[in-house]
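Novice: Here it is: the structure, laid out below.
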Amino acid sequence: MTPQPPNILLLCTDQQRFDALRAYGNDQIDTPNLDRLAADGVLFENCYVQNPVCGPSRASLMTGRYVHAHGLWANGVAPPEHERMFTKDLADAGYDCGLVGKFHLAACAGGRTEPRRDDGFRVFRWAHDPYPGSSENAYHRWLRAFRPDLYDAAVDPGSPVTFDTMPTEAHYSHWIGDETISVLRSDRLRDRPFCFVANFFDPHHGFGAPKEYADRYDPQALSRPVTAPDELAGKPPIFTEASEKSYGGHAKGYVEYTEAELQETKAAYYAMVSLVDAEVGRILATLDEEGLAENTLVIFTSDHGEMLGDHQLMLKGPMMYDCAVRVPLLMRWTGVLPAGVRRSELVQWIDLGATVLDAAGLPPLPRGQGASLLDLARGDKDAWQRDWALSEYRDSGHPYDPAVHTTMLRHDRWKLVVHHGEPATARARTGELYDLVADPHELTNLWDDPEHAPVRLALQEKLLDVLVATEDRSQPREAYW
């Protein structure tokens, strides 16, 4: 008798940097449930996303392809219709697929409803974010029915109630937990394996959390931003510009925060993560109660990071610092993957779809560019050949004038970031080079250091090779001419 393929549970947050988990060495944040998940499975120390903002990164997750291949190059852009998602392959193979929360593979601003694609999801409870917008936002529909008083208060500009600081039982993150638990208990097709994607919005800004979580953190007891007084003088000019105003001038910049406000923001961010942690705990407990834990591959990760004042920057944008593009990645599959293991190899978000399909016993996506992480997670280091990571920003967030295009290559102990110039943009060509062994916080830019010129040249040549290697050559060649 062929064993039933495993269930897949993908838990994804929005804007959670890699070190916003105690399991990654941050002893100031409270994440007991995610720490237990890490202890019961495999923690990947160096997982990089393909873009530092939401839409392009999420497209890389779902298609298993780099930004320059799948075509969703910026927020507000949709991928071509021919791009295939790994969940469609799972559904075609008999999986019962579902999603709750954010998706963001198309424009969502200005009250838009994200259009459905041939995504394979039978259950699709879409809610881009907790804020007023599309009439199809499933969280708002639920909140209006469950607590109309709180909904009315939150949309009242004069009310102290906000969607970020809702009581826990009415909060968006709690709703994600409830909807996921509902699927696990009653809304799934029990004669099929399931793949369910729970997309939390936290710890994305605005920065706020229910009082019971906010009260856990004393802002003044938390660490200060990682920077040096003259850091921006040695960095590309865009960072001075972004320090003054975030999001291309559309959001408050680092220099506009007081020291107290920076600490309050960090405390709120940590509180948001702790709220998500509690919801993950409820979801994992439901897996146990339903007898599903033994045969479910659980993956926890995030779509990109958050600057949080480090390097005198806030939010996200054309930044390739680790706090922006390195994310948590935990995998638990009881009896199949080892427990309490940490992997230091460079892995990427494009690998997650390939991993899920491999776990399900299915071939990789025909045009996918990722590699399954299962052998590496099991401990077969020889099976892992790729020793680099690629991230691409193509004016992908709020646009700048002139446009900002950056490309990051992470390889060995080095990180290279090219800030492109003409003919890509009218900005001057410049860049960043960091020795992550000697300078793990990326404070000293070696781009113009004569002693490191050979390293920079070698990495730029390596980047060209990587870009050629990741071109889309999936179209079959029928003859020599």
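Novice: What pairs come up if the first residue lies in region 3-31 and is closer than 19 Å to Glu306 by Cβ and at pLDDT below 95, the second is surrounded by fewer than 23 Cβ atoms within 10 Å (Cβ to Cβ) and not polar (S, T, N, Q), and their beta carbons are under 7 Å apart, counting only those six or more places apart or on different chains?
Specialist: Listed pairs, sorted by first residue: none to list.
Novice: Could I ask something else about it? Would region 211-221 turn up any residue that is crowded, with 17+ Cβ neighbours inside 10 Å, assigned to a loop (DSSP other than H, G, I, E, B) and not aromatic (Phe, Trp, Tyr)?
Specialist: No - not one qualifying residue is present in region 211-221.
Novice: Suppose the filter is closer than 28 Å to Ile8 by Cα, of a type in the set (Gly, Ala, Ser) and either assigned to a helix (DSSP H, G or I) or at pLDDT below 95 (or both); does Gly281 pass it?
Specialist: Here the answer is yes, as Gly281 does meet what is asked.
Novice: Scan region 21-35 residue by residue and report those that are outside any helix (DSSP H, G or I) and more than 20 Å from Asp215 (Cβ to Cβ).
Specialist: Leu21, Gly25
Novice: Answer yes or no: is there a residue in region 92-101 that is within 20 Å of the chain's Cα centre (by Cα) and surrounded by fewer than 21 Cβ atoms within 10 Å (Cβ to Cβ).
Specialist: No, region 92-101 contains no residue that is within 20 Å of the chain's Cα centre (by Cα) and surrounded by fewer than 21 Cβ atoms within 10 Å (Cβ to Cβ).
Novice: Still on this model: Out of the helices (runs of 4 or more DSSP H) lying entirely within region 308-406, which hold 1 or more residues that are among the β-branched types (Val, Ile, Thr) and within 30 Å of Gly234 (Cβ to Cβ)?
Specialist: Result: 322-325.
Novice: Among the residues that make up region 432-455, is at least one of them surrounded by fewer than 20 Cβ atoms within 10 Å (Cβ to Cβ), touching a residue at least 12 places away in the same chain (Cβ under 8 Å), out of contact with any helix residue (DSSP H, G or I) (no Cβ under 6 Å at 6 or more places or on another chain) and assigned to a strand (DSSP E or B)?
Specialist: For region 432-455, residues surrounded by fewer than 20 Cβ atoms within 10 Å (Cβ to Cβ), touching a residue at least 12 places away in the same chain (Cβ under 8 Å), out of contact with any helix residue (DSSP H, G or I) (no Cβ under 6 Å at 6 or more places or on another chain) and assigned to a strand (DSSP E or B): present.
Novice: Collect the residues in region 393-411 that are of a type in the set (A, V, I, L, M, F, W, C) and within 14 Å of Tyr247 (Cα to Cα), keeping them in residue-number order.
Specialist: Ala403, Val404, listed by residue number.
Novice: Check Gly368, Gly340, Gly361 and return the single one that is out of contact with any strand residue (DSSP E or B) (no Cβ under 8 Å at 6 or more places or on another chain), buried (at least 19 other Cβ atoms within 10 Å of the Cβ) and modelled with pLDDT of 95 or more.
Specialist: Gly368
Novice: Could you please let me know if Val197 is assigned to a loop (DSSP other than H, G, I, E, B) and either at pLDDT below 95 or touching a Leu at 6+ places or on another chain (Cβ under 9 Å) (or both)?
Specialist: No, not satisfied.
Novice: In addition: Can you give me the ranges of the helices (runs of 4 or more DSSP H) entirely in region 37-156 with at least 3 residues that are touching a residue at least 24 places away in the same chain (Cβ under 8 Å)?
Specialist: Here the list reads 54-63, 67-70, 86-92, 138-146.
Novice: Another one. Do any residues in region 161-174 that are touching a residue at least 40 places away in the same chain (Cβ under 8 Å) and in a helix (DSSP H, G or I) have Cβ atoms under 6 Å from those of residues that are charged (D, E, K, R) and surrounded by 22 or more Cβ atoms within 10 Å (Cβ to Cβ), where the two are at least six apart or on different chains, and which pairs are they?
Specialist: Cβ pairs passing all conditions: Ser173/Asp202; Ser173/Glu279.
Novice: Let me ask something else. Just a yes or no: is a residue in region 226-238 farther than 19 Å from Val53 by Cα, of a type in the set (A, V, I, L, M) and part of a loop (DSSP other than H, G, I, E, B)?
Specialist: Yes, there is a match, as at least one residue in region 226-238 is farther than 19 Å from Val53 by Cα, of a type in the set (A, V, I, L, M) and part of a loop (DSSP other than H, G, I, E, B).
Novice: Could you please give the count of residues in region 144-170 that are surrounded by 12 or more Cβ atoms within 10 Å (Cβ to Cβ) and either hydrophobic (A, V, I, L, M, F, W, C) or under 16 Å from Ala271 (Cα atoms) (or both)?
Specialist: 15
Novice: Would you point out which residue out of Gly158, Gly253, Gly177, Gly208 is small (Gly, Ala, Ser) and out of contact with any helix residue (DSSP H, G or I) (no Cβ under 6 Å at 6 or more places or on another chain)?
Specialist: Just one listed residue meets the conditions, Gly158.
Novice: Going by what's in this entry, would Ser186 be described as assigned to a helix (DSSP H, G or I), surrounded by fewer than 18 Cβ atoms within 10 Å (Cβ to Cβ) and not basic (Lys, Arg)?
Specialist: Spelling it out, Ser186 is indeed assigned to a helix (DSSP H, G or I), surrounded by fewer than 18 Cβ atoms within 10 Å (Cβ to Cβ) and not basic (Lys, Arg).
The values are calculated or read from the model by the stated rules, or taken from the named source; none is laboratory data. It should be emphasised that the depicted structure is a prediction, and the values quoted were computed from it without experimental measurement. Every residue, glycine among them, receives a Cβ derived from its backbone with ideal geometry; neighbour counts consider all protein chains shown.
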